[in-house]
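The block underneath contains the structure these notes are about, expressed in structure tokens.
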Amino acid sequence: MKWQGVIPAITTPFKPDFSVDADLLVKQVDALVQAGCTGIVALGSLGEGGSLSFDEKKAVLRLCKEAVAGRGSLVVGVAALTTAEACRLAELGREQGADGLMVLPPYVYKGDWRETRAHFEAVVSETSLPCMLYNNPIAYGTDVLPEQLVELAEALPNLVAVKESSADVRRVSALRALAGDRLSLLVGVDDLIVEGIAAGAVGWIAGLADALPVESVRLFELATQGKAGEARALYDWFLPLLRLDTVPKFVQLIKLVQAQTGLGSEAVRPPRLPLAGAERDAALALVERSLAERPQLG
């Protein structure tokens, strides 16, 4: 698969009884690939993967594979409490026809580098699928430094990409300097995408693309084509929404935007609860104002 372009980390839509809404999931995935997204990432943090049972994950992957229908890549988020469980999820991805894996450090326990390296080596070595390491020290408390990423890549031929979510654009530059083209670098923080592309990123694991895929693809194209003025104008409009991807309630917020654009619902699984009261009113006002000023893209 090609680790480039806009690859949204998709949400998992739920019905009022908290079961997976299969019809809405298929509708969402179809809209993303029709808009020009090069693939999707299922079962990630935005997809509330930690709230899904193993059988539900299997069903979601089957639906996503059918909905993508060969028009893009299916990447599976691999996140678990234990290394053994992560390896099992990696195998599930292969069984369900995934094109690649996005591998996270273990939940809860934050190991030192020796332990972190052993976890990534075990999971990536478990599969023949190409893998992307997800580095998000802000959310997960485990930071894989550029030198450590290169060390892993030298040991693991199928570790071919990095989702960099440290929110430090200098990491992209550092990885480019150390790894050259050995690793595909993808931005995982929505409000850093233009800066990340300028630093050498070739892909975007996007959040707000779930609600606004056409605008996301256009922004990525303008930035990669060096059309700075057009990219800046679109980015300036988009930034208030893109920043919703960078706060603790990013799942609820992105699902709120999806509900307003017809590509999802606000339903989340506890312990998350939908936004309510003044918090929801403020977020909704931002979304409605942004959509009212939505640029016309020819």
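Points worth noting:
- There is at least one residue in segment 126-149 that is assigned to a loop (DSSP other than H, G, I, E, B), crowded, with 16+ Cβ neighbours inside 10 Å, charged (D, E, K, R) and modelled with pLDDT under 95.
- For segment 251-275, a residue qualifies if it is polar (S, T, N, Q), in a helix (DSSP H, G or I) and out of contact with any Asp or Glu (no Cβ under 6 Å at 6 or more places or on another chain), and the qualifying residues are Q252, Q260, T261.
- Subset of segment 70-90 that is within 20 Å of I40 (Cβ to Cβ) and either free of Cβ contacts under 8 Å to residues at least 24 places away in the same chain or not small (G, A, S) (or both) - its residue that is surrounded by the fewest Cβ atoms within 10 Å (Cβ to Cβ): G70
- For segment 230-281, the tally of residues that are among the β-branched types (V, I, T), open to solvent by 30 Å² or more (accessible area, probe 1.4 Å) and under 16 Å from the mean Cα position of the chain (by Cα) stands at 2.
- The listed residue being in contact with a helix residue (DSSP H, G or I) (Cβ under 8 Å, 6 or more places away or on another chain) and either within 18 Å of G207 (Cβ to Cβ) or polar (S, T, N, Q) (or both), out of L242, L222: L242
- Among the residues here, E115 does not qualify as under 21 Å from the mean Cα position of the chain (by Cα), in a helix (DSSP H, G or I) and either of a type in the set (D, E) or buried (at least 21 other Cβ atoms within 10 Å of the Cβ) (or both).
- Pair list, Cβ under 7 Å, 6 or more apart: segment 136-156 residue under 20 Å from L46 (Cα atoms), other residue of a type in the set (V, I, T) and surrounded by 14 or more Cβ atoms within 10 Å (Cβ to Cβ): T142/T116
- Among the residues of segment 45-87, the ones that are more than 21 Å from D210 (Cβ to Cβ) and under 15 Å from the mean Cα position of the chain (by Cα) come to 0 in all.
- Candidate set: segment 15-34, residues that are in contact with a Leu (Cβ under 9 Å, 6 or more places away or on another chain) and surrounded by fewer than 24 Cβ atoms within 10 Å (Cβ to Cβ); chosen: the one farthest from G262 (Cα to Cα): V20
- Filter result (more than 21 Å from V41 (Cα to Cα), open to solvent by 20 Å² or more (accessible area, probe 1.4 Å) and hydrophobic (A, V, I, L, M, F, W, C)) within segment 157-178: V169, A174, A177, L178
- Filtered residues of segment 257-266 (kept if in contact (Cβ under 8 Å) with a residue 24 or more places away in the chain and either small (G, A, S) or touching a helix residue (DSSP H, G or I) at 6+ places or on another chain (Cβ under 6 Å) (or both)): V257, Q258, Q260, L263, G264, S265
- Remark: pairs (first residue in segment 166-185, hydrophobic (A, V, I, L, M, F, W, C); second residue in a loop (DSSP other than H, G, I, E, B) and crowded, with 17+ Cβ neighbours inside 10 Å; Cβ separation under 6 Å; 6+ apart in sequence or on different chains) = A167/V189; V172/A201; L185/A201.
- Against the numbered list (1) in a loop (DSSP other than H, G, I, E, B); (2) surrounded by 14 or more Cβ atoms within 10 Å (Cβ to Cβ), P295 comes up short only at (2).
The values are calculated or read from the model by the stated rules, or taken from the named source; none is laboratory data. Not measured: the values here are computed from a predicted model. Here Cβ is always computed from backbone atoms with ideal geometry, including for glycine, and neighbour counts include all displayed protein chains. SASA here: full protein model, heavy atoms, side chains in, ligands and nucleic acids out. Shrake-Rupley method; radii C 1.70, N 1.55, O 1.52, S 1.80 Å.
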